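The values are calculated or read from the model by the stated rules, or taken from the named source; none is laboratory data. Since we're looking at a predicted model, the values are computed, not measured. Virtual Cβ from ideal backbone geometry, glycine too; neighbours counted across all protein chains shown.
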Amino acid sequence: MEIQTSGRPIDTLVEKVLCMNILSSDYFKELYRLKTYHEVIDEIYHQVDHVEPWMTGNCRGPSTAFCLLYKFFTMKLTVKQMHGLLKHPDSPYIRAIGFLYLRYVADPKTLWTWYDPYIKDDEEFSPGSNGRMTTMGVYARDLLLGQILSLGFHNGVCSERR
């Protein structure tokens, strides 16, 4: 069973400039080779070291995390897959991308049900490229309250280039 969504098209989930940059990035185009949920999880495990929307440094392209998040947008995750992301033991970045997915895709009326079991989660990780540590619970709470979303996502519209 798919996650109950807000019903918004995927090209309206993220800020327009970021969406266009994701869709035109070479890295996102390489992700077409990934066909399964498990392949995307493996890619997150090996490639993601922060969950900010943009790469650090001079390049300022979309981050690997957000390219992979968008890949999940295209896959329409199931409830079982979402539980797998949120409970994944191998990487906090897999879990963080799960929380991001829910924040952007899930029906707002269902968010608390998803987030509640994790609000006091004490796994530490660094969501940003600055190395500052927080807990998964604080990260989830901040996402739920919208504090993280100011990093680059709004209700912009982006159309996929063909």
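Here are the numbers:
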item	result
Enumeration of residues in segment 98-117 that are buried (at least 21 other Cβ atoms within 10 Å of the Cβ) and without any contact (Cβ under 8 Å) to a residue 24 or more places away in the chain	98
Matching residues, segment 94-135, being within 14 Å of residue 5 (Cα to Cα), outside any strand (DSSP E or B) and in contact with a strand residue (DSSP E or B) (Cβ under 7 Å, 6 or more places away or on another chain)	105, 107, 114
Subset of segment 14-27 (residues that are over 20 Å from residue 44 (Cα atoms), crowded, with 18+ Cβ neighbours inside 10 Å and not acidic (Asp, Glu))	20
Residue among 66, 73 that alone is among the hydrophobic types (A, V, I, L, M, F, W, C) and crowded, with 23+ Cβ neighbours inside 10 Å	66
Filter result (assigned to a helix (DSSP H, G or I), within 22 Å of residue 18 (Cα to Cα) and of a type in the set (Phe, Trp, Tyr)) within segment 30-56	32
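Residues checked against (1) modelled with pLDDT of 95 or more; (2) closer than 23 Å to residue 61 by Cα:
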residue: 73; (1), (2): yes, yes
residue: 77; (1), (2): yes, no
residue: 80; (1), (2): yes, no
residue: 89; (1), (2): yes, no
residue: 111; (1), (2): no, no
residue: 127; (1), (2): yes, yes
residue: 150; (1), (2): no, yes
